[in-house]
Every structure is written in structure tokens, then in C-alpha cells.
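**Student:** This is the structure I want to talk about, given as C-alpha cells.
The values are calculated or read from the model by the stated rules, or taken from the named source; none is laboratory data. Please read all numbers here as calculations on a predicted model, not as lab measurements. Here the Cβ is made from the backbone with ideal geometry for all residues, glycine too, and neighbour counts use every protein chain on show. Calculation scope for accessible area: heavy atoms of the full protein, side chains included, ligands and nucleic acids excluded. Shrake-Rupley method; radii C 1.70, N 1.55, O 1.52, S 1.80 Å.
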Amino acid sequence: PQIVVSVYGPDFFGNDVVRGYGAVHVPFTPGRHERTIPMFVPESTSRLQKFTSWFTGRRPEFTDPKVVARGEGREVTRVRSQGFVTISFNVV
């Protein structure tokens, strides 16, 4: 099993935009586990798309969270690294 994390936040104009996506596998062994998830954001492929997304305030984002968890199809997606999220698990 995996946990998919989608982080949203306000931009300069007050619109909710995606700040990052990430995924991590849930540990099976009992105990306390800490995982650091590298976050990434989809990027526009052309300058025209970048300008249009900046002008309208609608940045590229995934419509299906399964895209983040699966590896297939992501090799053709342009993304930019966007920091880290640390998550803590307490497995019984």
C-alpha cells in the first residue's frame, strides 16, 4: 500500500494551486517509522502554456491521484522538484 500526498496552497492572487505531489510506501513492520517524501510539481511544456497558466492562474495539475502512485506514463511528464514532506507512521 502507498500513501499519495497532494499539497495545495494559495498563490499571489489567492487561488488554491498545487504546491506538490508525492508518494511513499506504508511500512509493514511494527513500530514508529519516519519517511521523507520528495515532492514534485507538473510543469508546462511550452512558453505559451507557461504564460497562459500564469495569466489565468490555473497551473498544471494531475486529475487522477493514481498517476502519482504509478510509474507508468510519468516518464513523459515534465516535473519540477518542490521540497520535501516528512510523515510519521505508528504501525501496530
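**Student:** Between the helical axis of 47-56 and the dominant principal axis of the chain, each derived from Cα atoms, what acute angle in degrees is found, rounded to the nearest 10?
**Tutor:** 90 degrees
**Student:** Now for a different question. Could you tally the net charge around residue 51, taking each other residue with its Cβ under 14 Å from the Cβ of residue 51, Lys/Arg +1 and Asp/Glu -1? Write down the numbers at each step before the final one.
**Tutor:** Working: positive: 47, 50, 58, 59; negative: 43.
Around residue 51, the charge tally is +3.
**Student:** How big is the dipole moment of the range 2-91 about its Cα centre under a simple scheme where the beta carbon of each Lys and Arg is +1, that of each Asp and Glu is -1, and everything else is neutral? Debye, nearest 20, please.
**Tutor:** Values: 12 positive and 8 negative charges, 31 e Å.
Computed about the Cα centre, the dipole is about 140 debye.
**Student:** Could you rank 61, 72, 43 by how accessible they are, 1.4 Å probe, largest area first?
**Tutor:** Details: 61 70, 72 140, 43 50 Å².
I get 72, 61, 43, largest accessible area first.
**Student:** Rank 1, 24, 84 by how far each Cα sits towards the positive end of the charge dipole of the chain (+1 on Lys, Arg Cβ; -1 on Asp, Glu Cβ) and give me just the farthest.
**Tutor:** Positive-end residue among those listed: 84.
**Student:** Between residue 6 and residue 47, what's the calculated FRET efficiency when r is the beta-carbon distance and R0 is 22 Å? Round to 0.05.
**Tutor:** On the way: r = 26 Å, r/R0 = 1.20.
About 0.25, to the nearest 0.05.
**Student:** Also: When the expected Rg is taken as 2.2 N^0.38 Å, what fraction or multiple of it is the alpha-carbon Rg of the range 2-91?
**Tutor:** Numbers: Rg = 15.2 Å, N = 90, 2.2 N^0.38 = 12.2 Å.
Working it through for the range 2-91, the quotient is 1.25.
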